[in-house]
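Worksheet: the structure to be examined is printed underneath.
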Amino acid sequence: MASSDSMDSRVMVLQIFTSCFQKRPDRTQSKSLGQGDGAVETESEDTNIQSLQTPSQPRNRAKISSQSGTDRPPDPESLPKSHNADESKFRKLKSAVKSKPKSVLANRRSSYRYFARGEVETEESRAAEYKTTVENKLGQMFDGFLSNQDKVADKNVMGAESIESYINTLGANHLNHEAFVVFEIVKAEGLGQISRDGFVEGWSKLALETDRSLRVPVDISAHKRYVQSCIGKLPHDPSYFKQVYQRVFFVGKEPQVKAMDTLVAFVFWEMLLGPELHHWKTRNIDWLRLWKTFIDEVWEIEEGKYKRGVNKDMWNQTLEFANKTMADETLSFWSEDQAWPGIIDDFVAWCQRGGFVAT
């Protein structure tokens, strides 16, 4: 019984399989291949399907004949064709890229540059907007420190009374070198004056630092902390001390004048090169005292005023000379051939004549 069921199943499967290849009354069949070719019939409506060869038919192979004991190479035309689909697609793609007009490729590159430039411009616009916000806030902060007298006289300049209040608010002493730290930050120019432009420029530079960890926010408490840190490093950081020292020249003179009054210069030298900060004195010589004595002798005083003033070069070179004398009080570093200002050459000669240093 089981054998009969198995036989019926096989017959049914065979009938289903053969029905797939039977002729349909509403479609015409293509002509069958010649006898002996081992082909089966296919429907003519599918023009893309070619006659299928039976496994019994061998593929065309290159024929190799032998003549006079030597082998003749196969005919290239008889070799099977390569039908590598990936290679064919690559060749078509390469050909298509080469055939594209240069203008098309240029437009694509141009589009990329356009969007890349757009991102840069967006970043720049955000930075510009932030810069404007910072400057506006600093302008408002500046206005808050103006006295009533300043508001009437000139709203863009902070006067002496306002400066004193501002420096004290930052926790600095307006009567000693600590005030110079504030003057350096706000780019002060002129005695008893802080301009709006210098105030905004100085603090905005710190608020817009490239390194975000070094930025100083637009906040009076943050400004106070920053000023205190600068006051702390002033005696120990030669580079920063030089930066503040050079700014003091502009603080000590009138904006339209090229030289600082000598009396003002000595007051500032006492504050900067005196015992409290960067004392210009070595083991055997008090250089600051000698320097003042020399100036008093060389630059005659009439009616309590020196005939000459201290220009920028003399002011800056005095610090350079002071640093070298504190490292070598014998002045062995000095030479007539060096480019020291004439006043310093005269000072060295004066010290040698007075026996303060060996000749």
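The values are calculated or read from the model by the stated rules, or taken from the named source; none is laboratory data. The shown structure was predicted, so the numbers you read here are calculated from the model rather than taken from an experiment. Don't worry about glycine lacking a Cβ; one is built from the backbone with ideal geometry, like all the others, and counts go over all protein chains shown.
Values as computed for the structure displayed
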{"read-out": "Residue satisfying all of: in the stretch 301-331; closer than 20 Å to ASP261 by Cα and among the hydroxyl-bearing types (Ser, Thr, Tyr); modelled with the lowest pLDDT among these", "value": "TYR306"}
{"read-out": "Residue under evaluation GLU124, criteria (1) under 28 Å from the mean Cα position of the chain (by Cα); (2) under 28 Å from PRO275 (Cβ atoms), criterion not met", "value": "(2)"}
{"read-out": "Some residue of the stretch 323-334 being out of contact with any Cys (no Cβ under 6 Å at 6 or more places or on another chain), within 30 Å of GLU254 (Cβ to Cβ) and not aliphatic (A, V, I, L, M)", "value": "yes"}
{"read-out": "Which listed residue is surrounded by fewer than 19 Cβ atoms within 10 Å (Cβ to Cβ), within 26 Å of TYR240 (Cβ to Cβ) and not assigned by TED's automatic domain parsing to the domain that holds SER239, from ASP337, ASP328, ASP296, ASP346", "value": "ASP328"}
{"read-out": "Residues (within 43 Å of the chain's Cα centre (by Cα), of a type in the set (A, V, I, L, M) and under 22 Å from PHE268 (Cβ atoms)) located in the stretch 297-355", "value": "VAL310, MET314, LEU319, ALA322, MET326, ILE344"}
{"read-out": "Any hit, the stretch 166-182, residues being part of a helix (DSSP H, G or I), loosely packed, with under 13 Cβ neighbours inside 10 Å and not charged (D, E, K, R)", "value": "yes"}
{"read-out": "Positions within the stretch 207-240 being assigned to a helix (DSSP H, G or I) and touching a residue at least 60 places away in the same chain (Cβ under 8 Å), in sequence order", "value": "ALA207, ILE220, PRO238"}
{"read-out": "Test for TRP334: is it at pLDDT 90 or above and assigned to a loop (DSSP other than H, G, I, E, B)", "value": "yes"}
{"read-out": "Pairs where the first residue, in the stretch 298-325, is closer than 15 Å to ILE344 by Cα and part of a loop (DSSP other than H, G, I, E, B) and the second is among the acidic types (Asp, Glu) and at pLDDT 85 or above, C-beta under 9 Å, 6+ apart", "value": "GLY309/ASP261"}
{"read-out": "Hey, LYS281 outside the structural domain of GLY198 (by TED's automatic domain parsing) and either touching a Phe, Trp or Tyr at 6+ places or on another chain (Cβ under 8 Å) or of a type outside the set (A, V, I, L, M) (or both) or not", "value": "yes"}
{"read-out": "Search result, residues across the stretch 228-272 that are surrounded by 13 or more Cβ atoms within 10 Å (Cβ to Cβ), basic (Lys, Arg) and more than 29 Å from the chain's Cα centre (by Cα)", "value": "LYS253"}
{"read-out": "Residues of the stretch 142-153 that turn out to be in contact with a strand residue (DSSP E or B) (Cβ under 9 Å, 6 or more places away or on another chain) and either of a type in the set (D, E, K, R) or not assigned by TED's automatic domain parsing to the domain that holds LEU191 (or both), as a count", "value": "1"}
{"read-out": "Which listed residue is in contact with a Ser or Thr (Cβ under 8 Å, 6 or more places away or on another chain) and assigned by TED's automatic domain parsing to the domain that holds GLU135, from GLU184, GLU189", "value": "GLU189"}
{"read-out": "VAL251 vs. criteria touching a Phe, Trp or Tyr at 6+ places or on another chain (Cβ under 6 Å), within 22 Å of LEU146 (Cα to Cα), hydrophobic (A, V, I, L, M, F, W, C) and without any contact (Cβ under 8 Å) to a residue 40 or more places away in the chain", "value": "no"}
